[in-house]
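K.L.:
Handing you this structure, nothing more for now.
Nothing in this text is a laboratory measurement; each read-out follows from the coordinates by a stated rule. These figures come from a predicted structure and were not determined experimentally. Cβ atoms come from the backbone with ideal geometry, glycine included; neighbour counts cover every protein chain shown.
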Amino acid sequence: MKVTIDGHEIEVEAGTTILQAARMIGGDVVPPAMCYYSKLKGTGGKCRCCLVEVTKGSDANPTPMPKLVASCVTGCMDGMEVNSKSSERVTEARKAVTEFLLINHPLDCPVCDQAGECDLQNLSFEHGKAQTRFIEEKRTFEPENIGDKIQLHMNRCILCQRCVQVAEQLTDYRVHGVLNRGDHAQISTMVSAAIDNEFSGNMIDVCPVGALTDKTFRFKSRVWFNKPFNAHRECTTPGCCGKVTVWMFGNEIQRVTARKDEFHEVEDFICNTCRYDKKEVSDWTIEGPRKFEKDSVINVNNYTRKMDKVVINTEKGILMGRDEDRKKISMADIDYNEKIDGTQVKK
Amino acid sequence: MEKHHYTQEINITDALMARINELVSHYPADKKKSALIPVLHEVQDAHDNWLSIELQNKVAELLEIKPIEVYEVVTFYTMFNQRPVGKYMLEFCQTSPCCQRGVEDLMDYTCQKLNVGIAEPTADGLFEVRGVECLGACGYAPMLQLGDYYHEHLTKEKIDQLIDDCKTGDITFYDK
Amino acid sequence: MGRKILLDKINVPGIKSYEVYRREGGYASVEKALKMTPEAIIEEVKTSGLRGRGGAGFPVGMKWSFIDKKSGKPRHLVCNADESEPGTFKDRYLMEYIPHLLIEGMITSSIALEANLSYIYIRGEYMWVFKTLERAIKEAYAAGWLGKNIQGSGYDLDLHVHCGAGAYICGEETALIESLEGKRGNPRLKPPFPAISGLWANPTVVNNVESIAAVPWIINNSGADYAAIGIGRSTGTKLISASGNIKKPGVYEIELGISVEEFINSDEYCGGMETDRPLKALVPGGSSVPILPAHLIYKTANGDDRLMTYESLSDGGFATGSMLGSGGFIVYDDRACIVRNTWNFARFYHHESCGQCTPCREGTGWLEKVLWRIENGQGREEDIELLWSIQSKIEGNTICPLGDAASWPVAAAIRHFREEFEYHVRFPEKIKNRDHFTHEPFDKVRHLVAPQNV
């Protein structure tokens, strides 16, 4: 069947969702998706980031759909026409959802291990506002310890429930879920049980934000200071593909994750042994550098591209501050007329 | 998330077990989980109107489901209590039609009379005042729920009487 | 006196019991339906024009005709007795005083749907009604109206009552089904609709108590007889739950089509205002529907009489109309503060949001907080625009209608009572007490926020 998204026509099989069709087209038409995960059944429909406008239902029934629909859970119909990026309504709705996701978010990116590979950061960059209209106190949750491998930061959670589906579908005994309701709904085990199943670490990879992070990597490095390499090993855990990305700092493997595709979904799930216990270079066969999309911050540390030298041109004396302040705080006698590259500021 | 751990004595009596089995029989044999909410009501009623973690685990065992499935449900529905509560829980409806008929004043009155705040049991553990959302008695406002029953067209005098009846134990609050 | 269909026998002593109910002609519709084809029953209900009484007003017969009978999967009828919409208490009245009417309706409707296992889902707070229904169902089993081979017809039906535990959202049909499966009451994504995949993934129809209770009369008489009552597409009778500042709050059965003015003021119904204080506002169909200001209650915007029908109450759209909804008729006199009342509703929706989707989870709480600030004298002039903006961003963007239900009351309050919001923002010292309009109704201070003409 034929479906048109933002003017791009594509042939898809029956049962394809609008989001999947958009991903086939690629580029700007792909709606952001915070809760849908193609590798996990029963995800999607919740975050409302991927809302699109159906301007023509199908050839058989051309009536437009009155409401915006969640593209991740709405199937394509033959002749369907969809506006994603090109629709004003859609843009407004995405902005609205972004604002809703951020009002209670702690915005603690500077201390969040997810920063740099966070879908919420990307969403905010694209659809967020510089200012907040929310002047109320933010909602917070009591910290909960869920074991020595996974750090749960409930305040950052957007309740996509992907991690619940990981536990449901990849592990044999789910001990965590969504407790409470409304804006107090939270991911929790209720009894602070450790989530330590051989595949539980995948919760970290599927988490779109910094709510679930790797305790063995915690505060070790910003992700963009790591160099990611594809690597593999003969893993004996049933169900583990053994294909990973290792995140290196010098010769040290600081973190192991599954390999993620351009939509930030893992290509295949990995076991906890690969993730946590194999941190020696000798454990792995390194295949080569892992590439990221061109605008990813991880490329800042890209070893394939020549770095420009940063030159900060400042006005005369701007870094010096006022004389009286310098005296007060006993600042060392630094030559503030020297620029960062060693040349002198023109007087 | 658990801040305090409260414990309680678990006692699944034969009568309670029979009732649980009856409720379970209302659903297809492979859909035992469907009985969860009615069973939790019965179990809670038989255990001083609250459900400890241990009791929730027990229910999970009886219905052959994972404990987390019980926790998820218990924390979703407002009628399940996760800590010890006052024996006589006076739950005032505080949604618009009841407010229109003066329930806020009556709640203040009751709290003052019992010398407690909202949702804090009295020192003797006998009473607890709560504000809840619409109970479907708007035409008989103001009203409160106590156990299985509604007390409607409330006045200060009626509240005095109700509290006296509770103190003397001269009140049925479960329809068993 | 208006015609009574549902409450006709309500005052017969002992009607709660099976014997009296049967003696008064109860269960006749089951006897008749067992001799009819399911299609004929559905056709009769279609002819009646009966519309869903839970709030949405979707034609019942049409809903029934959508149920998937081809797949061969077991089918279920589930009665939605999770009545939780603020202002609505009619279903409870029916179930409490004439429980066998609902059970009879469930059997007759199950025959039409060819369902062999049906449930009544009642809210957990109605625990004594739950017990009442359980006993009535036992009586019906004992009398051979339920179980195997009902009345020798070869038709089997099991009917049980299931209770919730405090969650408004379970009144949404897919959340109700989730709850009936022993889960959290999170609404499902649609499609698939319950008619295809509902309870335990089987084809399921969910109908309101009042809708099902109307079926026996339609089968005993005829769809055409039912359709003869009422006006246009608003056929039959409707239970109205009247509350607020009126003389006689309670449940009334009306023929659709009487005027709002008659309903409020006649002695047969509400009996006029509670005191001599004037009518200020009306919520005609439960808390979710837009509130109407005094000048739009008895007359529509173009001067026609406002009638108790689906069409007339929504005349003018949301700009000047409202909705019949579930028939939760809340009357406010001039002591009511619209800001406080809107906050009260916003608190309700905030409390009842399931938390599954972003706009509702985050937006309902935000609405409540801003409204609370305004009501407590900490409002800012820009908060009124902010409220408008938030509600417009929730509406239409959520999984289920709770988001809309939370937005509409806020939008309507700002639309019709904007000056009252401005008054709260500009004169915080005047609204310090929660009963601020009792002593000084808004009409007395309206001039303070009137636009100044130089």
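K.L.:
Assuming R0 = 51 Å, can you tell me the calculated FRET efficiency for the pair residue C:382 and residue B:64, based on Cβ-Cβ distance, to the nearest 0.05?
P.N.:
0.40
K.L.:
Taking 8 Å as the Cα distance limit and 6 or more residues as the minimum spacing, I'd like the relative contact order of chain B as a percentage.
P.N.:
17
K.L.:
On the Cα set of chain A, report Rg and Dmax in Å, please.
P.N.:
Final numbers for Rg and Dmax: 23.6, 80 Å.
K.L.:
To test your reading of the geometry: what angle, between 0 and 90 degrees and rounded to tens, separates the Cα axis of helix C:338-352 from the longest principal axis of chain C?
P.N.:
Between helix and principal axis, roughly 40 degrees.
K.L.:
Take the alpha-carbon positions of the stretch C:228-368, form their convex hull, and give its projected area averaged over all directions (one quarter of the hull surface) in nm².
P.N.:
Dividing the Cα hull surface by four gives the mean projection, 9.2 nm².
K.L.:
Something else about it: May I ask for the distance between the Cα centers of the stretch C:263-277 and the stretch C:127-179, given as a whole number of Å?
P.N.:
Here the two parts' Cα centres lie 37 Å apart.
K.L.:
Next up: Give me the base-10 log of I(q)/I(0) for the stretch B:127-176 at each q in 0.18 Å⁻¹, Debye formula, one uniform scatterer per Cα, rounded to two decimals.
P.N.:
-0.60
K.L.:
Dividing the convex hull volume of the Cα atoms of the stretch A:187-259 by its residue count, what figure in Å³ per residue is obtained?
P.N.:
113
K.L.:
Also: Could you tell me how far the Cα centroid of the stretch A:257-289 sits from the Cα centroid of the stretch A:91-125, in Å?
P.N.:
Rounded to whole Å, the Cα centres lie 26 Å apart.
K.L.:
State which entries of A:215/C:190; C:4/C:299; A:2/C:183; A:149/C:369 exceed 31 angstrom in Cα-Cα distance in the structure shown.
P.N.:
A:215/C:190; A:2/C:183; A:149/C:369
K.L.:
Listed highest first by mean packing, meaning other Cβ atoms within 10 Å per residue, what order do B:37-48, C:162-173, C:222-233 come in?
P.N.:
Sorting B:37-48, C:162-173, C:222-233 by mean packing, highest first, produces C:162-173, B:37-48, C:222-233.
K.L.:
Whole number please: convex hull volume per residue, Cα atoms of the stretch C:310-392, in Å³.
P.N.:
Here the figure is 133 Å³ per residue.
K.L.:
Okay, moving on. Based on a Kirkwood Rh over C-alpha pairs, give the Stokes-Einstein translational diffusion coefficient of the stretch A:2-95 at 20 °C and viscosity 1.002 mPa s in µm²/s.
P.N.:
Reported coefficient: 166 µm²/s.
K.L.:
Then there is this: With n ≥ 4 as the cut-off for DSSP H runs, can you work out [θ] at 222 nm for chain A, using -39500 (n - 2.57) per run divided by the number of residues, rounded to the nearest 500?
P.N.:
When only DSSP H runs of four or more count, the value is -4500 deg cm²/dmol.
K.L.:
Once both labels are modelled 7 Å past Cα along the beta-carbon direction, what's the residue C:318-residue B:153 spacing in nm?
P.N.:
Calculated label separation equals 3.9 nm.
K.L.:
Would you mind checking the tilt of helix C:402-426 against the longest principal axis of the Cα atoms of chain C, expressed as 0 to 90 degrees and rounded to 10?
P.N.:
Result, in degrees: 20.
K.L.:
Next up: For the stretch A:37-194, max minus min Cα coordinate along each principal axis, in Å, sorted largest first?
P.N.:
Computed over the Cα atoms, the extents are 54, 42, 28 Å.
K.L.:
Neighbour counts of other C-beta atoms within 10 Å: give me B:5, A:184 arranged from fewest to most.
P.N.:
B:5, A:184
K.L.:
Averaged over C:80-93, how many beta carbons belonging to a partner chain fall within 10 Å of each residue's beta carbon?
P.N.:
What the average comes to for C:80-93 is 4.
K.L.:
Let me ask something else. Which of the DSSP-defined H helices in chain A satisfy a minimum axial length of 18 Å, computed from C-alpha atoms, and a minimum mean Kyte-Doolittle hydropathy of -1.0?
P.N.:
Those that clear 18 Å and a mean of -1.0 are A:88-103.
K.L.:
For the protein assembly as shown, what value does the Rg/Rh ratio take when both radii are computed over Cα atoms and Rh is the Kirkwood radius, given to two decimals?
P.N.:
In the protein assembly as shown, Rg relative to Rh is 1.00.
K.L.:
Here's another thing I want to ask about it. Which value in Å does the Kirkwood hydrodynamic radius of the stretch A:105-216 take, with 1/r averaged over all unlike C-alpha pairs and then inverted?
P.N.:
Result for the stretch A:105-216, one decimal place: 14.8 Å.
K.L.:
May I pose another question? So if I take the alpha carbon set of the stretch B:59-176, get Rg, then get Rh from the Kirkwood formula, what is the Rg over Rh ratio?
P.N.:
We get a ratio of 1.02 for the stretch B:59-176.
K.L.:
Considering every residue in C:406-414, what mean count of other chain Cβ atoms within 10 Å of its Cβ is obtained?
P.N.:
0
K.L.:
Any chance you could get the radius of gyration and Dmax over the Cα atoms of chain C, in Å?
P.N.:
Reported Rg and Dmax, both Å: 22.8, 85.
K.L.:
Below 8 Å between Cα atoms, with a sequence gap of 6+, how large is the relative contact order for the stretch A:223-301 in percent?
P.N.:
It rounds to 37 percent for the stretch A:223-301.
K.L.:
Sticking with this one: How long are the three semi-axes of the equivalent ellipsoid for the stretch B:1-70, computed from the Cα gyration tensor as the root of 5 times each eigenvalue, in whole Å, largest first?
P.N.:
Semi-axes from the Cα gyration tensor: 21, 15, 9 Å.
K.L.:
Per 10 Å bin from zero, what fraction in whole % of the C-alpha pairs of the stretch C:18-229 is there, up to the bin with the longest pair?
P.N.:
Reading the bins upward from 0: 9, 38, 39, 13, 0.
K.L.:
Quick one: what does P(r) look like for the stretch C:338-443 with 5 Å bins over all Cα pairs, in whole %?
P.N.:
Going out from 0 Å in 5 Å bins, the stretch C:338-443 shows 2, 14, 26, 24, 16, 10, 5, 2, 0 percent.
K.L.:
For the stretch A:223-301, state what percent of all Cα-Cα pairs lands in each successive 5 Å bin, counting from 0 Å until the bin that includes the largest distance.
P.N.:
Values per bin, smallest distances first: 3, 17, 28, 26, 16, 8, 2, 0.
K.L.:
To the nearest 10 degrees, how steeply does helix B:36-45 sit against the main Cα axis of chain B, on a 0 to 90 scale?
P.N.:
Between the helix axis and the principal axis of chain B, the angle is about 60 degrees.
K.L.:
Rank A:70, A:167, A:60 by mean-square fluctuation in a GNM of chain A with C-alpha springs under 10 angstrom and give only the top-ranked residue.
P.N.:
Ranking A:70, A:167, A:60 by mean-square fluctuation puts A:60 first.
K.L.:
Can you list residues from other chains, or at least 5 along the same chain, whose modelled amide H is less than 5 Å from the amide H of residue C:208?
P.N.:
Hits under the 5 Å cutoff: C:53, C:54, C:80.
K.L.:
Quick check: the distance between the Cα centres of the stretch B:115-176 and the stretch A:47-90, to the nearest angstrom?
P.N.:
The two parts, judged by their Cα centres, are 51 Å apart.
K.L.:
Further, regarding this structure: For residue A:56, what residues show an amide H to amide H distance below 5 Å, using hydrogens built from the backbone and excluding near sequence neighbours?
P.N.:
Those qualifying (amide H under 5 Å, at least 5 residues apart or on another chain) are A:65, A:81.
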